[in-house]
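First comes the structure, then the notes that go with it.
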Amino acid sequence: MDTITQKDTDLANFAKAIALPVRVGIIRLILERKNEATRLELHSLPYKQATVNQHLAELIYLKILKSKRDGRMNSYKVDEAVFTKMSNNFLSLLKTLDFKNHVTGKEKSETQVASVAVW
């Protein structure tokens with residue numbers, strides 16, 4: 001491969017965006033609440049409110065989260081289209097990897113390869 005594509009750049013940016021435990025926690029909490037959580041609910045995470053707010057703003061800027069204001073309450077959703085696209089890009093990347101002769105010099109079984117791809 002001689003060039004870096006926009007898909008590669010987008011995937012790398014997405015990976016960096018979710019590489020922090022606080023951001024994974026925010027996304028997980030939103031998804032556990034049927035893909036909608038209020039700022040108050042997100043402040044229940046074991047981080048300072050300012051930290052949660054900073055990462056919410058960054059996840060919105062990166063278009064991973066969507067924000068909606070209803071009166072005085074903010075709620076947040078994971079942008080399913082972006083998340084699905086990036087998940088598919090990760091799977092596409094994993095499918096291109098050559099798992100044969102990786103560590104032992106022996107060909108891995110299809111089951112072993114499938115279990116790595118599902119992880």
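The values are calculated or read from the model by the stated rules, or taken from the named source; none is laboratory data. It should be emphasised that the depicted structure is a prediction, and the values quoted were computed from it without experimental measurement. Every residue, glycine among them, receives a Cβ derived from its backbone with ideal geometry; neighbour counts consider all protein chains shown.
Overview of results
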| item | result |
| --- | --- |
| Enumeration of residues in the range 69-101 that are over 30 Å from Leu42 (Cα atoms), modelled with pLDDT of 55 or more and assigned to a loop (DSSP other than H, G, I, E, B) | Leu97, Asp98, Phe99 |
| Leu40 vs. criteria of a type outside the set (Ser, Thr, Tyr), without any contact (Cβ under 8 Å) to a residue 60 or more places away in the chain, surrounded by fewer than 12 Cβ atoms within 10 Å (Cβ to Cβ) and touching a strand residue (DSSP E or B) at 6+ places or on another chain (Cβ under 8 Å) | yes |
| Residues located in the range 1-21, provided they are more than 12 Å from the chain's Cα centre (by Cα) and either without any contact (Cβ under 8 Å) to a residue 24 or more places away in the chain or within 15 Å of Leu65 (Cα to Cα) (or both) | Met1, Asp2, Thr3, Ile4, Thr5, Gln6, Asp8, Thr9 |
| Candidates Thr9, Thr3, filtered to the one that is over 20 Å from Ala81 (Cβ atoms) and hydroxyl-bearing (Ser, Thr, Tyr) | Thr3 |
| Residues that are surrounded by 16 or more Cβ atoms within 10 Å (Cβ to Cβ), farther than 14 Å from Arg39 by Cβ and of a type in the set (Phe, Trp, Tyr), drawn from the range 52-96 | Phe83 |
